[in-house]
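The values are calculated or read from the model by the stated rules, or taken from the named source; none is laboratory data. No experiment lies behind these values; they were computed from the predicted model shown. Methodologically, a virtual Cβ is constructed for each residue, glycine included, from the backbone with ideal geometry; neighbour enumeration extends over all protein chains shown. We work out accessible area using only protein heavy atoms, side chains counted, and drop any ligands, DNA or RNA first. Shrake-Rupley method; radii C 1.70, N 1.55, O 1.52, S 1.80 Å.
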Amino acid sequence: MAEEKEYTIDELAGIARVPSRTIRFYQSRGALMPPTIRGRVAYYGSPHVDRLELIAQLQDRGLRIDAIRDLVVSIDRGELDLAEWLGVERQMQASWANDQPRTLGEQELYELAGARRPGLIADLVRAQLVERTGDVYLVRSPALLGVAMKLEAAGVDLDTAAEASKRLRKHMGRAAEDLVELFVSRAEEGSLAAKDFGKLFESLRPLGNEAVRVVFGRAMERELRGLFESGKLARLKGKAKKRKG
């Protein structure tokens, strides 16, 4: 049987391509197992090399060191399978909106907007629907830009459309936070006992989007019905007619 290789901290740092002080930091936070001490020298082995590689991969996925520590501790205890967790992580990272930021040139921006009128790009930048850097335009949400352009075609100015988008993000962000807290609390108390969290999150994506569509749709129905029944709509139409006249 081949003898297990051992490394000093500087040798380990060279192999893992991380500074020695980073290795000591990982140890202090409990993410990296302690070395074997003989005399006054600390020795590391291949498990430390593998763990440092895993830590780097998890950091690339956006995990903070404390979250990484909790994860690897659960793995070491046999409470969690890494491959299963990575499958769950992929489901959690998957897009729900299918709406990714895009960088475009001027002509591409006009094509995405589906319109070309004098002052359009300036209006989009002012409404913060588009960010400009030199000759490059960043559209953080192509889908919401499309919604804003359709609203403009229906008579809603871009500033109003952008403000509506801002309010929706605010309230939907809070709703999403509340729902995640609900699922976490129920899972912690044991009333939510999903055997496969990967499948759970895969199911949540279409069901969550459908639930939002239905709940928001019904809420808008109530508000618009109230607008009509209150007589405000008739007064708004009257004011609009006077302005045109």
For residue 49: the one exception among (1) within 27 Å of the chain's Cα centre (by Cα); (2) not in a loop (DSSP other than H, G, I, E, B): (1)
Helices (runs of 4 or more DSSP H) lying entirely in region 84-194 (those with 2 or more residues that are out of contact with any strand residue (DSSP E or B) (no Cβ under 8 Å at 6 or more places or on another chain), small (Gly, Ala, Ser) and open to solvent by less than 90 Å² (accessible area, probe 1.4 Å)): 142-153, 158-189
Test: residue in region 13-31 that is part of a helix (DSSP H, G or I), of a type in the set (D, E, K, R) and either touching a residue at least 12 places away in the same chain (Cβ under 8 Å) or closer than 19 Å to residue 76 by Cβ (or both): yes
The listed residue being loosely packed, with under 11 Cβ neighbours inside 10 Å and of a type in the set (Gly, Ala, Ser), out of 45, 62, 30, 14: 62
Residue list for region 210-236, restricted to those being within 30 Å of residue 183 (Cα to Cα) and either among the acidic types (Asp, Glu) or surrounded by fewer than 13 Cβ atoms within 10 Å (Cβ to Cβ) (or both): 210, 211, 213, 214, 215, 217, 218, 219, 220, 221, 222, 223
